[in-house]
Amino acid sequence: MRRYGISTGESIIMAKRAATIIDVAKAVGVSPSTVSHAISGKREISIPVKERIFEKIRELDYRPSFFAQALKNSSTGLIGVVANECRNPSAAMFIDALTAELEKFSYRPVVGLTGLNHEKGEEMLRRFSSGLVDGVINMLPQIAPEEAQQLCGSVPVVTNIREQLIPVWLDYNKLTLDILTYLWGMGHRKIGYITSPLRMDRQDTTVEVMAKFCADAGVEFSPEQVYEGDDTIECGIAGAERIFRHGKVTAIFSGNDQMAFGVYRWAYRNGIRIPEDLSVIGFDDVPQAATIIPPLTTVRFPVKEIVEHTVKLLVAKLKKHPLVPGGVTLDMPLVVRDSVADLNA
């Protein structure tokens with residue numbers, strides 16, 4: 001006989017009642033406050049008693065209520081990190097570095113991904129600042145520092161790189177000139193560029209710098225030498241096809257390493273040798289850049305330094321320390337490997 005989808009003789013597995021701190025205390029023969037102090041470490045408990053407590057915690061599968069602990073301590077110990085995506089190795093590197101740096105201050109990150117959608121970014125910032133986290137790090141290029149602060153209300157928030165009072169200054173104009181000067185010195189006169197939409201601290205002025213550099217050098221600069229990118233490998237493939245075929249370039253540099261990898265893939269498919277037929281420069285210096293064949297010449301983005309600056313600023317806000325206005329200037333060095341040919345040789 002079967003009733004309500006359960007046949008006679010079938011056992012029904014009921015959810016086990018969750019163990020409480022009182023259950024642990026009774027099993028050990030101590031007070032609930034002693035168990036609480038053993039877990040928090042706020043009061044010294046003898047080693048034998050602590051060992052018995054943790055043995056019973058494991059045996060009973062006791063799990064302290066996160067929300068009860070947060071309410072009691074007026075802190076969740078969590079930091080909300082609102083980001084565009086994690087598919088790009090550079091984004092994953094950044095979040096890994098953030099995790100390690102936050103742990104130094106006993107915080108753990110909770111990551112919310114919103115893409116470049118403005119409304120989703122606003123929603124995530126509001127949701128994080130409703131009591132879920134102690135502070136927020138805004139990594140979204142579409143959300144300005146002023147808007148992030150307004151959305152988070154009283155919850156401390158730091159907008160990565162672009163924090164107005166203490167920003168990070170990255171000189172992309174100098175970087176572009178460094179790349180162009182390096183390529184020019186290697187004999188390249190026709191250079192292509194695949195743009196990136198995610199330069200969070202400023203507008204991408206690379207094309208203007210390229211045009212002026214070429215004009216000063218007395219060589220032609222064409223719109224065909226530039227392709228608007230989206231930071232993906234697929235875009236690198238499409239950009240290489242357009243720029244190499246129509247721009248007649250000998251070198252391409254891109255706004256991130258992912259698109260540079262796309263250039264590599266396009267070159268492999270089309271029998272184009274790197275660097276003999278086409279030189280390539282990336283941006284970010286993700287781990288794969290050193291292992292791809294040939295190893296990619298790229299720009300090292302100062303992830304560690306930026307993360308340290310961002311977390312330091314957020315912790316200061318969390319602790320309500322006074323902030324002294326002034327920013328930090330960071331270099332973006334060119335890491336020379338084997339993906340650029342010397343045409344002078």
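Throughout, read-outs are computed from the coordinates displayed, never taken from laboratory work. From a predicted model like this one, the values you see are computed outputs, not experimental measurements. Ideal geometry is used to build each Cβ from the backbone, glycine not excepted, and the neighbour counts take in all protein chains shown.
Shown here is the pair-distance distribution of region 16-64: with all Cα-Cα distances grouped in 5 Å bins from zero up to the longest one, the shares run 5, 25, 37, 23, 7, 2, 1 percent. Inter-part distance, region 119-185 to region 295-345, computed on C-alpha centroids, equals 14 Å. Checking (i) 16; (ii) 22; (iii) 42 against percent of Cα pairs over 36 Å apart calculated from these atoms, the matching label is (iii).
Compute the length gained on full extension between Lys104 and Gln288: take 0.36 nm times their separation in residues and subtract their Cα-Cα distance, giving the result in nm to one decimal.
Details: separation 184, 0.36 × 184 = 66.24 nm, distance 2.74 nm.
So the chain would gain 63.5 nm between Lys104 and Gln288.
Fully extending the segment from Ala92 to Ser154, taken as 0.36 nm per residue of separation minus the present Cα-Cα distance, adds 19.5 nm.
Taking the Cβ of Lys26 as the center, what net charge do the other residues with Cβ under 15 Å away carry, scoring Lys and Arg +1 and Asp and Glu -1?
Values: positive: Arg17, Arg52, Lys56; negative: Asp23, Glu55, Glu59.
Here the charged neighbours net out to 0.
Considering only the chain, what is the antiparallel percent among its DSSP beta bridges, to the nearest 5? So the antiparallel bridges amount to about 15 percent of the total. Ranking Val340, Phe105, Ala92 by how far each Cα lies toward the positive end of the dipole of the chain (charges on Cβ) leaves Phe105 at the top. For Pro89, the shell of other residues with beta-carbons less than 14 Å away shows a net charge of -4, using +1 for Lys and Arg and -1 for Asp and Glu. Approximating the spin labels as points 7 Å out from Cα along Cα→Cβ, the Glu228-to-Ala144 distance works out to 2.2 nm.
Adding -39500 (n - 2.57) for every DSSP H run of four residues or longer, then dividing by how many residues the chain holds, sets the calculated 222 nm ellipticity at -12000 deg cm²/dmol.
Take every pair of alpha-carbon atoms less than 8 Å apart whose residues are at least six positions apart; their mean separation over the length of region 170-300 yields a relative contact order of 23 percent. With R₀ set to 25 Å, the beta-carbon distance separating Arg189 from Val336 gives a calculated FRET efficiency near 0.80. The Arg127 and Ile22 beta-carbon pair, evaluated with R₀ = 30 Å, returns a calculated FRET efficiency of approximately 0.35. Using the Kirkwood formula over every pair of different C-alpha atoms, what hydrodynamic radius in Å results for region 128-230? Result for region 128-230, one decimal place: 16.2 Å.
A crude spin-label estimate for the pair Lys320 and Arg242, with each label 7 Å from Cα along the Cβ direction, gives 5.3 nm. Cut-off 14 Å, label point 7 angstrom out along Cα-to-Cβ of Leu165: give me the residues of region 321-344 whose amide nitrogen falls inside. Under cut-off, by backbone N: 321-327. Taking Cβ atoms as reference points and 15 Å as the exclusive limit, the residues near Lys212 contribute a net charge of -4, counting Lys and Arg as +1 and Asp and Glu as -1. Here the ratio of the Cα radius of gyration of region 187-345 to 2.2 N^0.38 Å is 1.19.
So for Tyr62, Tyr264, fewest C-beta neighbours within 10 Å to most, what's the order?
Numbers: Tyr62 20, Tyr264 23.
Fewest-to-most ranking of Tyr62, Tyr264: Tyr62, Tyr264.
Working from label points 7 Å from Cα in the Cα-to-Cβ sense, the Glu51 to Arg273 distance is 6.9 nm. Starting with the fewest neighbours, write out Asp231, Asp331 ranked by other beta-carbon atoms found within 10 Å of each beta-carbon. Ascending Cβ contact count within 10 Å gives the list Asp331, Asp231. Ordered by the number of other Cβ atoms lying within 10 Å of each residue's own Cβ, fewest first, Trp266, Trp184 fall into the sequence Trp184, Trp266.
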